[in-house]
1. In degrees between 0 and 90, to the nearest 10, how far off the longest principal axis of the chain does helix 209-222 point, with axes built from Cα atoms?
2. Using the Cα centre of the stretch 198-275 as origin and beta-carbon charges of +1 (Lys, Arg) and -1 (Asp, Glu), tell me which of 225, 210, 275 is placed farthest towards the positive end of the dipole.
3. Which FRET efficiency value, to the nearest 0.05, is calculated for residue 24 and residue 307 with the Förster distance at 56 angstrom and r the Cβ-Cβ distance?
4. What is the spread of the Cα atoms of the chain along each of their three principal axes, largest first, in whole Å?
5. With θ taken as phi - 60° and the coefficients 6.51, -1.76 and 1.60, list the Karplus ³J(HN,Hα) couplings across the stretch 155-170 in order, rounded to whole Hz; mark glycine and proline as x.
6. Read phi for every residue in the stretch 280-287 and hand back ³J(HN,Hα) as whole Hz from Karplus 6.51 cos²θ - 1.76 cosθ + 1.60, θ = phi - 60°, with x for Gly and Pro.
7. Excluding residues fewer than 8 places away in the same chain, name every one of the lysines whose C-alpha is closer than 16 Å to that of residue 303.
8. Under a crude label model (7 Å from the Cα following the beta-carbon direction), how far is residue 36 from residue 194 in nanometres?
Amino acid sequence: MIPILDAAFTQISIHTVGNKLLGEKLTLSTKPTQIVDETLRQLLLQYFLSPFDKTNEVYSLYHPTGDVGLNEMNHFAEKIFANPSTFHEHSAAIASHLYDVGNHPKIKTGELYGCYFDALPIEGQMVAAIGFFKSESKEPYLTIAANQQEYTIGYQQEAINIKKLDKGCLIFNTKTQHGYTVLVIDQTNKTEAAYWIDDFLKLKIINNNFNQTNTVLKLYKNFVQQEMDEEFALDKTDKIDLLNRSIQYFKENEKFNLDSFSHEVINNEQGIASFKEYKTQYEQEYELPIPDSFTIHTEAVKKQARVFKSVLKLDKNFHIYIHGNNELIERGYDEGKKLNYYKVFFRDEV
């Protein structure tokens with residue numbers, strides 16, 4: 001999660017990148033954009049950073065030759081981190097690079113925002129970062145103006161919805177042998193995926209402890225919520241219990257072991273075999289091997305724990321938060337009222 005309230009960009013440059021294949025233009029701004037209004041600054045931060053709350057994979061820049069120095073974005077990032085005062089000129093070079101690699105007829109013209117951040121969190125540490133965000137989708141918005149007791153209604157034909165970032169990336173100044181660490185957003189047409197991730201950035205997933213912890217928790221959550229519906233007759237309380245036990249395992253242990261996790265958390269031979277097969281299919285589909293044993297990364301556990309829901313929602317009347325033993329909650333059906341019910345057992349009110 002990127003905390004917006006604590007984040008601040010010190011530089012922002014905006015360019016317009018068209019579709020080169022269709023003969024559209026690249027328009028580069030001559031100087032950085034000045035943001036004076038604090039409300040506008042906070043809205044931009046929300047637009048740029050909020051989508052990264054839902055990202056799980058951590059990437060690094062790379063090059064097919066194995067020499068990350070040949071990666072264009074790695075070259076520009078290296079220059080910027082060495083001398084942040086050159087950010088604007090390098091943001092223009094990055095916009096030109098994006099324009100050059102956009103060889104797909106469905107790519108839309110859009111504004112490319114480049115930002116320099118003095119400090120953003122990644123894997124438990126605060127480091128400098130650069131972000132590039134492209135807005136392609138425009139929507140009509142209504143505007144209302146009040147003058148005493150009279151109202152005027154208008155519209156803006158092509159406005160930007162700050163809750164819908166099309167494409168974005170954050171490149172952190174954490175250079176390793178694998179290249180800079182990167183988080184990425186690409187929520188547009190799947191046929192364009194190679195354009196942003198493979199052609200513009202050239203990314204590969206970092207298979208480290210942080211990603212391994214993230215991946216297993218996300219994989220297990222999907223297994224419980226989707227796969228188990230097809231193979232096992234589980235109600236919602238059973239699923240919540242399985243998710244709670246998985247988070248508890250990761251919080252209480254320093255190392256993950258597939259066999260111990262399976263027996264302690266799933267505790268069902270058929271379910272264990274199904275989960276291991278699900279893991280194997282994921283590894284083959286994404287060409288990303290997940291070791292059966294690795295050191296658990298506490299920051300990744302905290303990140304995933306926030307999205308593991310332990311809430312049982314009953315119509316629009318009640319929410320039951322289940323944090324412990326699901327044997328203390330019992331489901332039934334009342335013939336007289338023709339309604340389902342849950343009976344909850346407890347010792348003391350807290």
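1. 60 degrees
2. 210
3. Values: r = 39 Å, r/R0 = 0.69.
Taking R0 as 56 Å, the efficiency between residue 24 and residue 307 is 0.90.
4. 70, 67, 40
5. Going residue by residue, I get 7, 10, 5, 10, 9, 9, 7, 6, 9, 9, 7, 6, 9, x, 8, 10 Hz, with x marking Gly and Pro.
6. 4, 4, 5, 4, 6, 5, 9, 6
7. Within the straight-line cut-off, residue 303 pairs with 54, 218, 221, 251.
8. 4.7 nm
The values are calculated or read from the model by the stated rules, or taken from the named source; none is laboratory data. Worth saying up front: this structure is predicted, and the values here are computed from it rather than measured. Because the Cβ atoms are built from the backbone with ideal geometry, glycine has one as well, and the counts that use them run over all protein chains shown. The area values use the complete protein model at the heavy-atom level, side chains included, leaving out ligands, DNA and RNA. Shrake-Rupley method; radii C 1.70, N 1.55, O 1.52, S 1.80 Å.
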